[in-house]
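Colleague: Take this structure first; my questions come after.
The values are calculated or read from the model by the stated rules, or taken from the named source; none is laboratory data. Quick caveat, the model's predicted, so the values are computed rather than measured. Cβ placement follows ideal geometry from the backbone for every residue including glycine, while neighbour counts extend to all protein chains displayed.
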């Protein structure tokens with residue numbers, strides 16, 4: 001077979017892969033067809049990789065085989081992590097994706113020197129800058145989620161100016177390289193500055209903003225792959241990158257809307273660092289607390305219960321106990337549903353995956369907009385490890401940092417029960433007036449231990 | 001401006017629109033698997049890494065290509081694997097009873 005005919009066969013294989021990519025995402029839209037989507041994606045990947053191995057340009061296979069094996073050896077354990085570790089695994093995979101896009105761009109540059117054109121340099125420069133900053137930014141995000149790094153925002157005075165100056169320096173170096181592309185000693189400087197900017201970009205961002213940041217890094221990783229497709233003139237990369245990039249972008253928009261904040265505010269606002277006590281006057285307000293026995297009695301007297309899970313449930317690993325509570329109440333004929341806020345947890349959809357792992361049927365997991373209308377007919381809402389997403393100050397207190405954020409209207413239910421370690425304000429340091437309402441009962445303790453006690457009370461035959 | 005750039009731009013814009021419309025329809029229930037699946041699809045950069053590595057032009061390009069093959073293939077394998085694991089966990093109440 002001559003080389004041109006061979007190239008055409010490879011193109012057809014890539015077109016088939018692209019069609020399957022689109023079908024994969026289409027099928028993922030509902031749980032009934034989602035696994036078929038994964039299969040379509042796997043077939044696409046297998047076709048594309050196999051076709052590539054027949055590329056006539058390849059002259060040496062030793063390192064390809066060895067590194068494919070290494071890749072599989074890293075990928076399989078990363079595919080087996082616990083569901084609570086999924087956010088950091090996702091951040092790590094954004095880092096790997098961006099790393100490979102960036103270093104392929106770097107390799108392409110050095111192969112091209114001294115014949116790199118200005119146009120090629122422009123493409124490579126942009127691609128390598130985005131890939132590099134996404135790599136280090138994602139590593140920092142993964143470190144924060146794994147709690148190797150502090151989750152609180154790390155800030156200093158003049159931070160945004162420093163960060164933007166560093167980004168400006170990376171772009172300036174790229175411009176210098178475009179003017180005179182073949183300066184192989186200057187290229188690494190651009191890469192290092194871009195890597196440094198990625199660190200500066202994510203370090204100040206707090207854990208509560210991780211759903212948006214992970215989505216945004218997802219988007220950057222996708223767009224760097226699409227740009228690499230431009231550099232290499234590979235349409236399959238352009239399509240895969242555009243799909244991944246737009247997916248991350250749509251998710252970031254959804255996350256920002258769910259917090260009523262702008263991209264700029266998430267990236268440069270350092271949410272929750274120093275919160276001046278909102279409202280000002282701190283009168284001695286009373287909270288009422290209850291024991292597990294009392295909580296169980298209240299739940300058993302209810303006919304409609306809504307459970308609101310948050311990051312605290314994930315931290316306490318309480319999802320399996322929560323499922324037992326769900327089972328116990330359902331057996332007694334009580335209607336139990338879960339209210340899922342879009343930014344509950346550390347990444348989009350985090351709570352759904354944790355509860356699905358614990359075998360809660362997915363038709364019991366209700367999105368915020370769909371459940372809020374029913375909250376006034378709800379007898380008991382039980383909040384487990386969620387705070388800001390239930391804070392009524394978001395509706396009424398214009399001075400609150402979360403004012404305008406859509407919340408789950410738990411304060412409209414007849415009784416509110418909040419499982420919480422203590423009265424310390426939550427992650428973002430914002431006081432929650434919900435705790436001082438007459439209808440609210442505080443259940444002080446570890447989420448897992450407290451739910452376990454409630455389950456014991458319920459099953460001991462009340 | 002190379003002619004390939006324009007055709008790539010067409011493809012990019014059209015794929016971006018298709019992606020935008022498809023992602024909007026994905027149930028929020030599945031946003032975590034969505035992210036891991038698109039991540040696995042994005043790992044298709046492994047094909048570029050294989051070519052850079054296997055063309056064996058310079059020691060530098062082969063080394064960088066080799067690192068890229070390992071990094072992107074781990075994403076591909078791990079991404080599909082964990083997405084399928086997550087989706088297997090989603091069961092409806094009707095199917096259970």
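Colleague: In this structure, is residue A:211 outside any helix (DSSP H, G or I) and touching a residue at least 40 places away in the same chain (Cβ under 8 Å)?
Modeller: Here the answer is no, as residue A:211 does not meet what is asked.
Colleague: Here is a check on your reading of the model: is residue A:451 within 21 Å of residue A:332 (Cα to Cα), touching a strand residue (DSSP E or B) at 6+ places or on another chain (Cβ under 8 Å) and assigned to a helix (DSSP H, G or I)?
Modeller: yes
Colleague: In segment A:389-405, which residues are crowded, with 21+ Cβ neighbours inside 10 Å and either in contact with a helix residue (DSSP H, G or I) (Cβ under 7 Å, 6 or more places away or on another chain) or more than 22 Å from residue A:444 (Cβ to Cβ) (or both)?
Modeller: Within segment A:389-405, A:390, A:391, A:393, A:394, A:400, A:402 meet the criteria.
Here is a yes/no grid of residues against (1) modelled with pLDDT of 95 or more; (2) surrounded by fewer than 22 Cβ atoms within 10 Å (Cβ to Cβ):
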| site | (1), (2) |
| --- | --- |
| A:278 | no, yes |
| A:324 | yes, yes |
| A:337 | yes, yes |
| A:345 | no, no |
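Colleague: Given chain B, what helices (runs of 4 or more DSSP H) lie entirely inside it while holding 3 or more residues that are within 7 Å of chain A (Cβ to nearest Cβ) and more than 24 Å from residue A:96 (Cα to Cα)?
Modeller: It comes to B:3-24.
Colleague: Could you tell me which numbered condition residue A:382 fails, if it satisfies all but one of (1) in contact with a helix residue (DSSP H, G or I) (Cβ under 6 Å, 6 or more places away or on another chain); (2) outside any helix (DSSP H, G or I); (3) closer than 26 Å to residue B:90 by Cβ?
Modeller: (1)
Here's the yes/no breakdown for (1) more than 7 Å from chain B (Cβ to nearest Cβ); (2) at pLDDT 95 or above; (3) assigned to a helix (DSSP H, G or I):
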site: A:41; (1), (2), (3): no, yes, yes
site: A:47; (1), (2), (3): yes, yes, yes
site: A:51; (1), (2), (3): yes, no, yes
site: A:58; (1), (2), (3): no, no, no
site: A:64; (1), (2), (3): no, yes, yes
site: A:73; (1), (2), (3): yes, yes, yes
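Colleague: In segment A:18-36, which residue that is in a helix (DSSP H, G or I) and more than 7 Å from chain B (Cβ to nearest Cβ) is surrounded by the fewest Cβ atoms within 10 Å (Cβ to Cβ)?
Modeller: Across segment A:18-36, the extreme among qualifying residues is A:19.
Colleague: Suppose the filter is surrounded by 15 or more Cβ atoms within 10 Å (Cβ to Cβ) and either more than 18 Å from residue B:50 (Cβ to Cβ) or more than 7 Å from chain B (Cβ to nearest Cβ) (or both); does residue A:77 pass it?
Modeller: no
Colleague: I'm checking my understanding of the structure. Among residues of segment A:154-177 that are more than 22 Å from residue A:141 (Cα to Cα) and in contact with a helix residue (DSSP H, G or I) (Cβ under 6 Å, 6 or more places away or on another chain), which one is surrounded by the fewest Cβ atoms within 10 Å (Cβ to Cβ)?
Modeller: Only one residue fits best here, namely A:169.
Colleague: Here are A:165, A:134, A:117, A:155: which of them is over 15 Å from residue A:98 (Cβ atoms) and under 27 Å from the mean Cα position of the chain (by Cα)?
Modeller: That would be A:155, the only listed residue that is over 15 Å from residue A:98 (Cβ atoms) and under 27 Å from the mean Cα position of the chain (by Cα).
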